[in-house]
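A.B. asks: Dropping a structure here in structure tokens format, bear with me for questions.
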Amino acid sequence: MTLDTQKSLKFQVYDEVDVAYAALGAKKYAQAIGFNSPSQYMISTAVSELARNIYVYAKKGTVLLNYVDDEFKQGMQVIADDFGPGIVDIEKALLDTYSTGGTMGVGLPGTKRLMDEFKIESIVGKGTKVTIVKWL
């Protein structure tokens, strides 16, 4: 499979299998950009966590993969977007072991650690948008 990194890839997340497709797509996209194998897996893991959050908490949303070039460095941007219930307390949600869904609570903080940039925006009742970037 040849990927055109000048084009974005978008994954709809409606089902558990969509989480796997987004993670695999992210790994392949990262490989096409030129990331080494460990970085590909870090990106794939981060995408899996974000897509899983969409599936579990919002029921539907999107994961968008973009190639980014800021003149000095290149990398990969991921935008996970949903129109779910939103996050009441973002600071708490970013703490290790905090979970409102009965999980281990390592998804968002782990994603933040795996990536070089992490931004989260959430409005209760409207949804959540997480933007992450990994640089080559």
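A.B. asks: In segment 6-74, if every C-alpha pair distance is counted and binned at 10 Å from zero, what percent goes to each bin?
C.D. replies: For segment 6-74, the binned pair fractions read 23, 49, 24, 4 percent.
A.B. asks: Hey, can you rank 61-69, 33-41 by average C-beta count inside 10 Å, highest first? List each step's numbers first, then the result.
C.D. replies: Details: 61-69: 19.2, 33-41: 15.6.
Per-residue mean Cβ counts within 10 Å order the peptides as 61-69, 33-41.
A.B. asks: Using the Cβ atoms and a cut-off under 12 Å, what net charge is assigned to the surroundings of Thr128, where Lys and Arg are +1 and Asp and Glu are -1?
C.D. replies: Numbers: positive: Lys119, Lys126, Lys129; negative: Asp81, Asp82, Glu121.
That sum, taken over residues with Cβ under 12 Å, equals 0.
A.B. asks: Nearest 10 degrees, 0 to 90: what angle lies between the long axis of helix 16-33 and the longest principal axis of the chain (Cα atoms)?
C.D. replies: 30 degrees
A.B. asks: Here's something else I'd like to know. For Asp15 and Glu71 in the same chain, what is the full-extension length gain: residue separation times 0.36 nm, less their Cα-Cα distance, in nm? Provide the component values of the computation, followed by the final result.
C.D. replies: Details: separation 56, 0.36 × 56 = 20.16 nm, distance 3.73 nm.
Taking 0.36 nm per residue and subtracting the Cα distance, the gain is 16.4 nm.
A.B. asks: What size of dipole, in debye to the nearest 20, comes out for the chain about its Cα centre when the only charges are +1 on Lys and Arg C-beta atoms and -1 on Asp and Glu C-beta atoms?
C.D. replies: Dipole about the Cα centre, nearest 20: 160 debye.
A.B. asks: What order do you get for 42-51, 77-86 when each peptide is scored by the mean count of other beta carbon atoms within 10 Å, highest first?
C.D. replies: 42-51, 77-86
A.B. asks: How high is the relative contact order of the chain, given as a whole-number percent (alpha carbon pairs under 8 Å, six or more residues apart)?
C.D. replies: Values: 279 pairs, mean separation 32.9, N = 136.
Answer for the chain is 24 percent.
A.B. asks: Separate question: Helix 37-53 versus the longest principal axis of the chain: what is the Cα-based angle in degrees, 0 to 90, to the nearest 10?
C.D. replies: Long axis of 37-53 versus the principal axis of the chain: about 30 degrees.
A.B. asks: Could you give me the ³J(HN,Hα) list for segment 121-136, computed from phi with Karplus coefficients 6.51, -1.76, 1.60 and θ = phi - 60°, whole Hz, x at Gly and Pro?
C.D. replies: Each residue's phi maps through the Karplus curve to give 10, 8, 10, 4, x, 10, x, 9, 10, 10, 10, 10, 9, 10, 9, 5 Hz.
A.B. asks: Pairs Lys112/Lys134; Lys10/Lys129; Lys73/Lys129; Lys7/Lys59; Lys10/Lys92; Lys27/Lys92: which exceed 22 Å Cα-Cα?
C.D. replies: Numbers: Lys112/Lys134 10 Å; Lys10/Lys129 14 Å; Lys73/Lys129 24 Å; Lys7/Lys59 26 Å; Lys10/Lys92 29 Å; Lys27/Lys92 29 Å.
Long pairs (Cα-Cα over 22 Å): Lys73/Lys129; Lys7/Lys59; Lys10/Lys92; Lys27/Lys92.
A.B. asks: Starting from 0 in steps of 5 Å, tell me what percent of the Cα-Cα pairs of the chain lands in each bin.
C.D. replies: 2, 11, 22, 25, 20, 12, 6, 2, 0
No lab work stands behind these numbers, since they all come straight from the coordinates. Please read these numbers as outputs of a predicted model, since none were measured by experiment. A quick note on method: Cβ atoms are made from the backbone with ideal geometry, for glycine too, and the neighbour counts reach across all protein chains shown.
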